[in-house]
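Data first, discussion second: the structure below is written as structure tokens.
Bear in mind these aren't lab numbers, they're just calculated from the coordinates by the rules spelled out. Quick caveat: nothing in here was measured; it's all calculated off a predicted structure. Because the Cβ atoms are built from the backbone with ideal geometry, glycine has one as well, and the counts that use them run over all protein chains shown.
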Amino acid sequence: MSDLTQLTISQARAKLRAKEITATEITEAYLSAIERANPALNAYVAVTDDKARDMAKASDAKLARGEGGSLEGIPLGIKDLFGTEGIHTQACSHVLDGFKPRYESTVTANLWADGAVMLGKLNMDEFAMGSSNETSYYGPVVNPWRRSRLDTVVMPTTHQGDGGFVSAGGTRTARTLDNAQLVPGGSSGGSASAVSAFLCAGATATDTGGSIRQPAAFTGTVGIKPTYGRCSRWGIVAFASSLDQAGPIARDVRDAAILLKSMASVDPKDTTSVDRPVPDYEAAIGRPVKGMKVGIPREYRVEGMPEEIEALWQKGIAWLKDAGAEIVDISLLHTKYALPAYYIVAPAEASSNLARYDGVRYGLRVPGKDIVDMYEKTRAAGFGREVKRRIMIGTYVLSAGYYDAYYLQAQKVRNLIKRDFETAFAAGVDVILTPATPSAAFGIADEDMAADPVKMYLNDIFTVTVNMAGLPGIAVPAGLDAKGLPLGLQLIGRPFDEETLFQTAHVIEQAAGTFQPEKWW
Amino acid sequence: MSVDIKTVKRVARLARIAVSEEDAERMTGELNAILGFVEQLNEVDVSGVEPMTSVTPMEMKKRQDVVTDGNKAADIVANAPATEENFFLVPKVVE
């Protein structure tokens, strides 16, 4: 039998329904792939093999009766940020040591109700704060992609014995993989790495400033952050509540559409969940983009952007033009202020959300001489550097005397960012095309990034505007750079118009193809 | 605006994070780098602009004022580091 982990969700779904394969077979294939690859990639922080086998068995029983749900028997990985009942849920932080919630997040409950199988919990930046998956308490995730170089190899004339071949000499080109380990992006680095390395059929992820789209771009996968309010935030560990949204990372656009359809819902337990029915996103795939107006924002042409990113963007424009779309230049004037405004709003909300980790109700407790000493020691030991940094910034900008200068100013700028998008959409733009990231994946323990936190923050320069405005955005792979690393394009849509994103992303995917890393692990 | 080490220690106290002298010194540099970066927001003219209070324009959803949940004390304390008879245990607060 061929390797079942190679099947996309839509292919596996068809084979499961046709009873050509069973949920147990595909689940076992993933479990053994994880066992082999995880020591090298560190994508999973907990593998729930017993639960996966039980769920697969239950799916097989349903499939046999012809009762399967839309994801019946499909094995998925779950980001550690999602509360999963009785199972490791720590946001990859030491402060949540041993936490096993007594409840299930709405998003994961939706997936299980549709028949999906849980393989385990995926690594991530601590509390989703990071762009490289290096802030995890469980150590960095490794990107399955490696840089490679094209060499011209001189072929010697050789005679191989034992009925072997004869090489006539000459030259050929060969790609040689570099050994340097690269980051998968973050914060959903475990999700992106696992999907890209065939360690799950698809994964849940979350995006506060780019945490779905940047890792998707770094690993040649598809990631969508839906409109704020589309997926319930109930049961997901909170980072910045006005920016956080859940979404899927998948191997192709169709799989992302299938997963989002299941993850999204109207949930009375989340007051920001919007009362709109969830459309059939898959139905949008294949619709022509002829006549569609695609906006190209001039402010996304940032200083120091590598030529390859600009070239990729031009390729994307050409593909959509060839498909009959109309390309229009637009201006999103306040783009450059999105990242600084984000680094006030997100830490402010985080400092408030993370106040609950005090050593009393769950997780780690470090004893102290009195209760305040216990709080301070617990939080000092439980939070990593990046998380402390953000709590400190947030506490500072919200402290007496600074609130107006920082937080209020940032929330006003945020409205201006949103207004820029509204103006473009009001002028008839259907979708906006931008690069997903300003570079390809970089090395683990990159010295420049480690020395300057702001440099790391700049990874989100193209994605963070979307969170600030609450809009949907999708990252879709569009090509490889000269070193053989994947690069992605981003499409930004009107609120709740994820269908247009899937429709347009599919056109790009058709033109660009899909990308798989060369297996070294 | 920039912060000095005294302010960093005060903020750490507010955030209930114990910091050593060395931590505070390192954080002072890091925080100033971030504050320097966000400073550019001051050049934006925001006169007449309301601060964002709701990401998606919608009326806040209100639920019916009825009990939907409860009798879960054991679940609630299940993950606590120290409990006794469904109470959270903490160091003595009142003498």
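What to note about this one:
- Taking every alpha-carbon pair under 8 Å whose residues sit at least 6 apart, chain A reaches a relative contact order of 17 percent.
- The mean count of C-beta atoms from other chains within 10 Å of the C-beta of residues in A:396-407, rounded to a whole number, is 3.
- Annotation for segment A:321-400 versus segment A:179-223: alpha-carbon center distance of 21 Å.
- Measuring against 32 Å, Cα to Cα, the residue pairs A:Lys225/B:Lys72; A:Lys57/A:Lys388; A:Lys79/B:Lys62; A:Lys100/A:Lys388; A:Lys377/A:Lys418; A:Lys19/A:Lys261 contain A:Lys225/B:Lys72; A:Lys57/A:Lys388; A:Lys377/A:Lys418 as the ones spanning a longer distance.
- Summing Lys and Arg as +1 and Asp and Glu as -1 over all other residues whose Cβ lies under 13 Å from the Cβ of B:Lys6 gives a net charge of 0.
- Computed from backbone phi, the HN-Hα couplings of segment A:53-63 come to 5, 5, 5, 5, 4, 4, 5, 4, 5, 5, 4 Hz, rounded to whole numbers (Karplus: 6.51 cos²θ - 1.76 cosθ + 1.60, θ = phi - 60°; Gly and Pro given as x).
- Across segment A:188-250, Cα-Cα pairs farther apart than 20 Å form 21% of the total.
- If you wrap the tightest convex hull around every Cα atom of chain B and split its volume per residue, you get 270 Å³.
- Charge sum, other residues only, whose C-beta stays under 11 Å from A:Tyr357's C-beta, Lys/Arg counted +1 and Asp/Glu -1: +3
- Calculated FRET value between A:Glu299 and B:Lys61, using beta carbons and R₀ = 41 Å, to 0.05: 0.70
- Taking the Cα centre of the protein assembly as shown as reference, the dipole from Cβ charges on Lys and Arg (+1) and Asp and Glu (-1) amounts to some 540 debye.
- Cα shape, segment A:222-348, gyration tensor, a/c 1.5 rule: oblate
- Label point 7 Å beyond Cα of A:Gln510 along Cβ direction - residues of segment A:454-481 with amide nitrogen under 18 Å: A:476-479
- Reported to the nearest whole Å, the Cα centre-to-centre distance from segment A:94-147 to segment A:429-478 is 20.
- The distance linking segment A:19-55 with segment B:1-19 is 46 Å (Cα centroid to Cα centroid, whole angstrom).
- When you count the other C-beta atoms within 10 angstrom of each residue and take the mean per peptide, A:206-216, A:322-332 line up highest first as A:206-216, A:322-332.
- Those aspartates and glutamates that a straight Cα-Cα span of less than 14 Å connects to A:Lys62, excepting residues fewer than 8 apart in one chain: A:Asp54, A:Glu72, A:Asp114
- Three-way shape call for the protein assembly as shown based on the alpha-carbon gyration tensor, with the a/c threshold at 1.5: rounded
- Positive minus negative residues near A:Leu458 (Lys, Arg vs Asp, Glu; Cβ under 12 Å): -2
- HN-Hα J in Hz across segment A:94-99 - Karplus 6.51, -1.76, 1.60, θ = phi - 60°, x for Gly and Pro: 6, 5, 9, 2, x, 6
- Converting phi to 3J(HN,Hα) with the Karplus coefficients 6.51, -1.76 and 1.60 and the offset θ = phi - 60°, segment B:22-36 yields 5, 4, 4, 5, 4, 4, 4, x, 5, 5, 5, 4, 5, 5, x Hz in sequence order, with x at every glycine or proline.
- Chain lengthening between A:Arg17 and A:Ser331 when straightened (0.36 nm per residue, less Cα-Cα): 108.3 nm
- When chain B is treated as a Gaussian network with alpha carbon springs shorter than 10 Å, the biggest mean-square fluctuation among B:Val67, B:Val49, B:Val38 belongs to B:Val67.
- Chain B: most fluctuating residue of B:Ala80, B:Ala12, B:Ala24 per GNM, C-alpha cutoff 10 Å: B:Ala80
- Size descriptor, Kirkwood hydrodynamic radius, that averages inverse alpha-carbon separations across segment A:1-140, Å: 15.6 Å
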